[in-house]
Every structure is written in structure tokens, then in C-alpha cells.
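The values are calculated or read from the model by the stated rules, or taken from the named source; none is laboratory data. Only a predicted model underlies this, so the values are computations on that prediction, with no experimental measurement involved. Every residue, glycine among them, receives a Cβ derived from its backbone with ideal geometry; neighbour counts consider all protein chains shown.
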Amino acid sequence: MTITKQDTDTDTARALRGLEDGAESVRLRSALAAGTRPDPRLVDKLIERCAIEPGFFVRDMLTWALTRHPVSLTLPGLLREVRSERGRARSQALHTLSKIGDRRAWPALTQTLLSDADDEVARSAWRAAVVLVPEGEESALAAVLATQLGRGGRETRLSLSRALIALGEAAGPALLAATRARDPRVRAHALATQRLLRDPDAGFEFAVEEAKRVVALGGAGQEGP
């Protein structure tokens, strides 16, 4: 069976309409189709939709669809989105950049993004940063991430701990310094992350409770991982 240009144009038009459909299931199928049959004409719409899509599974499919297109087409638009005023646009663009994994996006991972007031954006930035960080920059990244210790609720603290742990030994000095911070929340979070760096099987909740006890008793961190 020969696929004609008219067939392709029809599929593209259908996908563009489907991505704006009021039914989440239709948008999900359209995003799947956009990734299954990549088409450069869909890239802008996929990026645009990421910024406003309310459905988690649809957003994930949109990201997958973008990873199926050439980086030369997706990267410029995603880099624009990380500077958007809309938190969801920044967060989803960062998430997509982490999945693409092209280190040309690294300069976009600014300290402003890594300390974004929106927890969801910050978490996406942390995950993207540990994927995109160039060799030799890990310690500097860890120092920036350590400035966020103690912030937010459980999910935010866990995301930050995972990002620091992903940096391995490079995170050691920054964590050690944070165990001596004045803020007990920072000290506890740093101690818990240190524990997980030494013993990944300890579990986050156990590490946090242990760290709280250490802080309450006036203890500090240990040298090295």
C-alpha cells in the first residue's frame, strides 16, 4: 500500500485537531499517533499542548512524541518554554529535555530554574540537571542543589535527595556543609540524604526519622559518603 502526500496531510490535520479535543482519551490517542508517525509539522503543536495539557498521561505521551522527533526541531521550542511565565510550561519542557538528554540544553538549567518557587518546576529542573550536567560540573551542581535542602513537603524533599544521590560522591562536600547549617530542617534533610547516599536501601522515611533524632540530639554529618 502506497502512502500518498494527501494521506500524510490528512493524518497531520487529524492529529492537530485531536490534540485540542475536549476528550482526554482523544488527545491521548492523538499524542500516541504523533509519536508513532513523527511529522515535523506537529512539533510546535506538541510543545504548545505540553504547556496547557491538564492530563498527566497525555502530558507523558506528548513528551514521548517529542522524543520521537529530531532534536534539531524540538530543542529550540523547548528552550523557549523553560523561560515561560507558566509553571506547567516550564515543568513539562524541563521534563521533556531530561528525556531527550541532549547536553546542549545544559545552559538553560540556570540557578533561577533550579530554585524556582514552583515545587513542580524545581523538581523537573533537578531531574533534568542531573541528566544533562557535563562531566566535571557535578560538584558545582551539587552545591547549587544543596541550597534547596529543607524546602517543601515530602515529595519535593525526596526528589531533591534523589537528584543529589544521582550525583554520587560529587555531592559529598555540599551535603557535609549542609549538615552544619543553622536551619534544623536543612540539617535533617542533608543528614537523611547522606544516609541514603551511603545506604540506598535504608528508605527515605527511615533516613528522615533517623536524621531528625540526630538533629534533636545536636549531632552533625560525617565525612564522606
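Could you tell me whether VAL82 is surrounded by 19 or more Cβ atoms within 10 Å (Cβ to Cβ), under 21 Å from ALA108 (Cα atoms) and not polar (S, T, N, Q)? Give the derivation first.
Working: surrounded by 19 or more Cβ atoms within 10 Å (Cβ to Cβ): yes; under 21 Å from ALA108 (Cα atoms): yes; not polar (S, T, N, Q): yes.
The answer is yes for VAL82.
Working only within the stretch 179-200, note down all residues that are surrounded by 13 or more Cβ atoms within 10 Å (Cβ to Cβ), touching a helix residue (DSSP H, G or I) at 6+ places or on another chain (Cβ under 8 Å), assigned to a helix (DSSP H, G or I) and not hydroxyl-bearing (Ser, Thr, Tyr).
PRO184, VAL186, ARG187, ALA188, HIS189, ALA190, LEU191, ALA192, GLN194, ARG195, LEU196, LEU197
Need pairs with beta-carbon distance below 8 Å; first residue farther than 14 Å from SER161 by Cα and within the stretch 172-192, second of a type in the set (D, E, K, R); sequence gap 6+ or separate chains.
ARG180/ARG187; ALA181/ARG187
Since ALA125 meets every condition but one in (1) crowded, with 18+ Cβ neighbours inside 10 Å; (2) closer than 25 Å to THR67 by Cα; (3) over 13 Å from the mean Cα position of the chain (by Cα), which condition does it not meet?
(3)
Testing SER161 on (1) at pLDDT 75 or above; (2) over 29 Å from ALA93 (Cα atoms), one condition comes back false. Which one is that?
So SER161 meets the others, but not (2).
Which members of the stretch 50-86 meet the condition of being of a type in the set (Gly, Ala, Ser) and within 11 Å of ALA34 (Cβ to Cβ)? Spell out the reasoning first.
Taking the stretch 50-86 first, the residues of a type in the set (Gly, Ala, Ser) are 51, 55, 65, 72, 77, 84.
Matches in the stretch 50-86: ALA65 only.
Tell me, please, whether a residue that is farther than 20 Å from ALA117 by Cα and in contact with an Asp or Glu (Cβ under 6 Å, 6 or more places away or on another chain) can be found in the stretch 75-97.
No - not one qualifying residue is present in the stretch 75-97.
When you scan the stretch 22-141 for helices (runs of 4 or more DSSP H) that lie fully inside it, which ones turn up with 3 or more residues that are within 24 Å of ILE165 (Cβ to Cβ) and modelled with pLDDT under 95?
Passing ranges: none, list empty.
Here is a list: GLU81, GLU120, GLU85, GLU53. Which entry is of a type in the set (D, E, K, R) and out of contact with any helix residue (DSSP H, G or I) (no Cβ under 9 Å at 6 or more places or on another chain)?
GLU85
GLY150 passes all but one of (1) modelled with pLDDT of 90 or more; (2) surrounded by 14 or more Cβ atoms within 10 Å (Cβ to Cβ); (3) assigned to a helix (DSSP H, G or I); which number fails?
Single failed check for GLY150: (3).
Filter the stretch 85-113 for residues that are surrounded by fewer than 23 Cβ atoms within 10 Å (Cβ to Cβ) and either of a type in the set (Val, Ile, Thr) or touching a strand residue (DSSP E or B) at 6+ places or on another chain (Cβ under 6 Å) (or both) and give the result.
Of everything in the stretch 85-113, those that are surrounded by fewer than 23 Cβ atoms within 10 Å (Cβ to Cβ) and either of a type in the set (Val, Ile, Thr) or touching a strand residue (DSSP E or B) at 6+ places or on another chain (Cβ under 6 Å) (or both) turn out to be ILE100, THR110, THR112.
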